[in-house]
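What follows is a set of notes on a single structure, which appears directly below.
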Amino acid sequence: MNTPRFTTVGIVGTGAMGRGIAQIAAQAGSTVLLFDTQADAVAKAQAALGTQWDKLVEKGRMTADAAAAQKARLQPAATLADLAACDLIVEAIVERLDVKKSLFGELEGIVPAGTVLATNTSSLSVTAIAACLKHPQRFAGYHFFNPVPLMKVVEVIAGLKTDAAVCQALAQYARNMGHTPVQAGDTPGFIVNHAGRGYGTEALRIVSEGVADFATIDRILKDQVGFRLGPFELFDLTALDVSHPVMESIYRQYYDEPRYRPSVITAQRLAGGVVGKKVGEGFYKYEDGAAQVAAEPPVPLFDELPPVWVSTRAARRAELYQLLKDLGAKIETGQSPSPQALTLVAPLGFDITTVAVVERLDPARTVGIDMLVDDKATKRRVLATNPATRADMRDAAHALFARDGKAVSVIRDSGGFVTQRVVATIVNIAADICQQRVCSPQDLETAVTLGLGYPLGPLAMGDRYGPANVLEVLFNLQTVYGDPRYRPSPWLRRRGAIGLSLLHEEA
């Protein structure tokens, strides 16, 4: 079919998503027809958008003439039949396959052959919605994110029978609206919701093992990696009545793939109505909109710290030695630690117990430190004990690594600490998205940085910490937990094995 021009756009559904799409379409110069089955919803949506534009005028971010022109381009549609003249119709209604199929079946009998039909679904199959259509080649997914004017990415999804020209036209229209389009295959979660599975689900697994509490995990991932929100802050912001069903949907659509396994923790909290900030309580309690977070434990006080011995197999061993020197530690350099020494290990993926047993160290004096991230690049150090670690050795390690004022978190034993587990899971899922050809590596990075706000795209994150290191973490996590969740993606395994960037795409 010919590449269409979208001068008149119909929006079905006037919720936050529909209003947001209408706003940017009108700002791009299109005439926008708004339709909703609720009689007064369109008028309310027009009024809300008009108020937004008026505020932009007051702030000097839009001229009065531009606001008036956009209001004039926003018009009500009393019936679906009023959308007959549209070049593009975007649906933004309830996430139910039967309802969407019924809508598009009705629209197909109203609009001419050149009209493009698009769904804003976030979790349903584009191909399944189009199955009811006589002309599925003109149908595509057009997935925006809330709030639409601020979230500058849109996923353009081709169903099995979608004409390539339709996706090209939708991508160009997204650019006209000031957004960045990414092309996605019609797979569960598309790009952003698929790539985002690792951050929250792995954090939930860590909590479920009693490794650390919600606030500690949030602090670690913000301070060590640079995430703007910790996973539990993010759950509270999006609310579990939104995020938990998405977790379950993607898990089930992938036929119970272990990498996407949800958690009983969020299921229980959702059942109890403790869903997040909007109800005043989620993983945190909120007063006047502010999360109530307990203070961190104080740094233990010591008159004299024990000497320190470092495992010969420690990650970043030379850097760890230099850090200990800078902190003024008494360092032992013998082949084995003395009976009074604090024994430091720095594994990738393994837990402290396993390392102590394999290296024949006294577990009572063994403490682990996470050295995946360069110490100079992190705002927090993370230590881990094993079940036999003595309290005095735990506290001595805490006091030593806090000597220069840097924050220290002490967690219980865990394969891969916190950062290693979460980063490796994020990178592995992203690598498998590329392996499945859901999208290009470049579109994956763009979608995740714009759609999820990660400090780096997941493939760039893997490159920063080293594909070989991420592979080692995953292999060792598999050994510790025996869970196929941690099996490395072939994309990651092959590139890590031959020293290629994870962003490298085969010719």
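Key figures for this structure:
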read-out: Among (1) in contact (Cβ under 8 Å) with a residue 40 or more places away in the chain; (2) within 26 Å of the chain's Cα centre (by Cα); (3) part of a loop (DSSP other than H, G, I, E, B) - the single one Ala329 does not satisfy; value: (2)
read-out: Some residue of the range 419-427 being surrounded by fewer than 23 Cβ atoms within 10 Å (Cβ to Cβ) and in contact with a helix residue (DSSP H, G or I) (Cβ under 7 Å, 6 or more places away or on another chain); value: yes
read-out: Total residues in the range 439-470, condition assigned to a helix (DSSP H, G or I), within 26 Å of Gly159 (Cβ to Cβ) and among the small types (Gly, Ala, Ser); value: 2
read-out: Among residues of the range 247-260, those that are buried (at least 20 other Cβ atoms within 10 Å of the Cβ) and in contact (Cβ under 8 Å) with a residue 60 or more places away in the chain, counted; value: 3
read-out: Count of the range 262-298 residues which are β-branched (Val, Ile, Thr), surrounded by 16 or more Cβ atoms within 10 Å (Cβ to Cβ) and assigned to a loop (DSSP other than H, G, I, E, B); value: 2
read-out: Cross-chain or 6+ apart pairs with Cβ under 6 Å, the range 348-363 first and among the hydroxyl-bearing types (Ser, Thr, Tyr), then open to solvent by less than 50 Å² (accessible area, probe 1.4 Å) and part of a loop (DSSP other than H, G, I, E, B); value: Thr353/Asn386; Thr353/Asp413
read-out: Positions within the range 377-397 being surrounded by fewer than 16 Cβ atoms within 10 Å (Cβ to Cβ) and of a type outside the set (Lys, Arg), in sequence order; value: Ala377, Pro387, Ala388, Ala391, Asp392
read-out: Where a residue in the range 56-76 is more than 23 Å from Val42 (Cβ to Cβ) and its partner, wherever it lies, is among the aliphatic types (A, V, I, L, M) and not in a loop (DSSP other than H, G, I, E, B), with Cβ under 6 Å and at least six apart; value: Ala64/Val57
read-out: Scan of the range 32-55 for residues that are without any contact (Cβ under 8 Å) to a residue 40 or more places away in the chain, within 17 Å of Asp82 (Cβ to Cβ) and not small (Gly, Ala, Ser), ordered by number; value: Asp36, Thr37, Gln38, Asp40, Val42, Gln46
read-out: Single residue of Ala78, Ala39, Ala68, Ala85 found to be small (Gly, Ala, Ser) and part of a helix (DSSP H, G or I); value: Ala68
read-out: Count - residues of the range 389-416 that are over 17 Å from Ala377 (Cα atoms) and in a loop (DSSP other than H, G, I, E, B); value: 8
read-out: Flag for Ala77 being more than 28 Å from Glu155 (Cα to Cα) and either open to solvent by less than 30 Å² (accessible area, probe 1.4 Å) or among the small types (Gly, Ala, Ser) (or both); value: no
read-out: Residue list for the range 15-36, restricted to those being in a helix (DSSP H, G or I) and touching a Lys or Arg at 6+ places or on another chain (Cβ under 6 Å); value: Ala26
read-out: Among (1) in a helix (DSSP H, G or I); (2) under 30 Å from Val242 (Cα atoms); (3) open to solvent by less than 30 Å² (accessible area, probe 1.4 Å), the one test that Val355 misses; value: (2)
read-out: Residues of the range 471-483 that turn out to be part of a helix (DSSP H, G or I), touching a residue at least 12 places away in the same chain (Cβ under 8 Å), touching a helix residue (DSSP H, G or I) at 6+ places or on another chain (Cβ under 7 Å) and over 21 Å from Arg437 (Cα atoms), as a count; value: 4
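Residues are listed down the side, and each one gets a yes or a no for (1) surrounded by fewer than 20 Cβ atoms within 10 Å (Cβ to Cβ); (2) among the hydrophobic types (A, V, I, L, M, F, W, C); (3) modelled with pLDDT of 95 or more; (4) assigned to a strand (DSSP E or B):
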residue	(1), (2), (3), (4)
Thr162	no, no, yes, no
Ala169	no, yes, yes, no
Gln172	yes, no, yes, no
Arg175	yes, no, yes, no
Gly198	no, no, yes, no
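A quick yes/no check of all residues on (1) under 24 Å from Ile110 (Cβ atoms); (2) hydrophobic (A, V, I, L, M, F, W, C); (3) under 19 Å from the mean Cα position of the chain (by Cα):
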residue	(1), (2), (3)
Ala130	yes, yes, no
Ala165	yes, yes, no
Gln168	no, no, no
Met177	no, yes, no
Gln183	no, no, yes
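The values are calculated or read from the model by the stated rules, or taken from the named source; none is laboratory data. Small disclaimer: the values here were computed from a predicted structure and weren't measured. We place every Cβ from the backbone using ideal geometry, glycine too, and count neighbours over all the protein chains shown. Accessible surface areas use protein heavy atoms only, side chains included; no ligands, DNA or RNA. Shrake-Rupley method; radii C 1.70, N 1.55, O 1.52, S 1.80 Å.
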